[in-house]
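K.L.:
Encoded as structure tokens, here's the structure I'll be asking about.
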Protein chains: 2
Amino acid sequence: MPGTPKQRRSGCPVSIALEVFGDRWSLLIVRDLMVRGLRTFTEFLESGEGIATNILANRLEKLEAARIIAREPEESDGRKVNYRLTERGIDLAPVMLELLIWGARHEEAGLPCSVIARMAKDREAVLAEVRRRWRDRDTTPLLPRDIAE
Amino acid sequence: MPGTPKQRRSGCPVSIALEVFGDRWSLLIVRDLMVRGLRTFTEFLESGEGIATNILANRLEKLEAARIIAREPEESDGRKVNYRLTERGIDLAPVMLELLIWGARHEEAGLPCSVIARMAKDREAVLAEVRRRWRDRDTTPLLPRDIAE
DNA sequence: AGAATTTACTTGTGTTTTGCAAGTGATCTG
DNA sequence: CAGATCACTTGCAAAACACAAGTAAATTCT
């Protein structure tokens, strides 16, 4: 039945959050929007993770339905669609930062230890900067690609 | 083949973290261990999310392989196996807390606003308490079940 | 001691989700 | 107008998942 609301597994906020973006791809799209400054379908496709086109389309749809991202067709080019984070989306910044710190600390990631240490130490400053960029629609990547890998 | 390393999609720490626990169930098991004080297969099964036995077995196996949890058979009862968080596992506390805050703030969760506000404000204190409980093997739930829902 | 119960799983089956390749239509560029 | 670009959709095979049932070892009951 279309329109049937999915039932929640439990009232736990963690469970609810995972129902929305608990999969291998959703948060990577959010990451691309949040720290890499990507905005279009093709850019996400080429971001290096190897997501398939149908899955990407499906995740964009779900993230939009969850009001984490919004789609806006570009005026200057009718083919393009720009995706951007909503307020709910940018509020995922702390989650993203902690994921980054955990991943960098516990797995052999490409980030130098100094960068990780700084991020963990200046948590609030990093988050403020992410939020500022979002407000100002400043899409320069937070981490240069050669450092971020 | 067990022990065969999966190839990584990218060197990004976020991507690496999501490869390990980017699904609907893994972090719920970590949550049960971290804040609810659950430790056995049956307890996880009955935690209210409705995970199937084969999936639970599979996730426990994967989390153990990722060294996020460890299994130790109980001495006093040869049938039981206790699972516990490793150091890598307890280091997921900040991720868990931010997920909790996001979920509670943005979705209609069962938590009262006052509890959320306190958690967000006393972040460091909450994390210290979680870590202390882990060190002391204190398994009393962080949140009473009637509040945590 | 034997029977029933508990515990931690495994196995089988059908459904859903995913990954891959190819294709489509609208728009833009040369 | 021809070809390229962009954001997708479609078809199909493979993998993951959900559900129900079953199993083996350890423990408790009688």
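The values are calculated or read from the model by the stated rules, or taken from the named source; none is laboratory data. From a predicted model like this one, the values you see are computed outputs, not experimental measurements. Cβ sites come from the backbone with ideal geometry, for glycine too, and all protein chains shown count toward neighbours.
K.L.:
So in segment A:47-80, with the set limited to residues that are exposed (fewer than 12 other Cβ atoms within 10 Å of the Cβ) and within 14 Å of another protein chain (Cβ to nearest Cβ), which one is nearest to DNA strand C (Cβ to nearest atom)?
P.N.:
Ranking the qualifying residues of segment A:47-80, first place goes to A:Ala52.
K.L.:
Starting from segment B:83-111, keep only residues that are within 20 Å of A:Asp91 (Cβ to Cβ), then list their pairs with residues that are of a type in the set (Ser, Thr, Tyr) and within 16 Å of DNA strand D (Cβ to nearest atom) whose Cβ atoms are within a distance under 8 Å, requiring at least 6 positions of separation or different chains.
P.N.:
Taking only residues 6 or more apart or on different chains, the pairs are B:Gly103/A:Ser15.
K.L.:
Let me ask you something else. If you scan segment B:120-144, which residues turn out to be in a helix (DSSP H, G or I), of a type in the set (A, V, I, L, M) and facing another protein chain (nearest Cβ under 10 Å)?
P.N.:
Residue satisfying the conditions is B:Ala120 alone.
K.L.:
Still on this structure: Determine which member of the set B:Ile116, B:Ile90 is over 30 Å from B:Glu61 (Cβ atoms) and among the β-branched types (Val, Ile, Thr).
P.N.:
Matching residue, one of B:Ile116, B:Ile90: B:Ile116.
K.L.:
Which condition number does A:Arg36 fail, the rest of (1) under 19 Å from B:Leu99 (Cα atoms); (2) within 11 Å of chain B (Cβ to nearest Cβ) being met?
P.N.:
(1)
K.L.:
Filter segment A:37-73 down to the residues that are within 9 Å of DNA strand D (Cβ to nearest atom) and small (Gly, Ala, Ser), then identify the one that is nearest to B:Pro13 (Cα to Cα).
P.N.:
A:Ala52
K.L.:
Further, regarding this structure: Kindly list, by first and then second residue, each pair from a residue in segment B:48-60 that is in contact (Cβ under 8 Å) with a residue 12 or more places away in the chain to a residue that is more than 9 Å from DNA strand C (Cβ to nearest atom) and among the charged types (D, E, K, R), limited to pairs with Cβ atoms under 7 Å and residues at least 6 apart or on different chains.
P.N.:
Cβ pairs passing all conditions: B:Glu49/A:Arg9.
K.L.:
Look through segment B:81-94, keep the residues that are within 14 Å of another protein chain (Cβ to nearest Cβ) and under 10 Å from the mean Cα position of the chain (by Cα), and return whichever of them is farthest from DNA strand C (Cβ to nearest atom).
P.N.:
B:Ala93
K.L.:
So which of A:Phe21, A:Phe44 is within 12 Å of DNA strand C (Cβ to nearest atom) and modelled with pLDDT of 95 or more?
P.N.:
One residue alone meets the criteria, A:Phe21.
K.L.:
Give the residue, chosen from A:Phe21, A:Phe41, that is more than 7 Å from chain B (Cβ to nearest Cβ) and touching a helix residue (DSSP H, G or I) at 6+ places or on another chain (Cβ under 6 Å).
P.N.:
After ruling out the rest, the residue left standing is A:Phe21.
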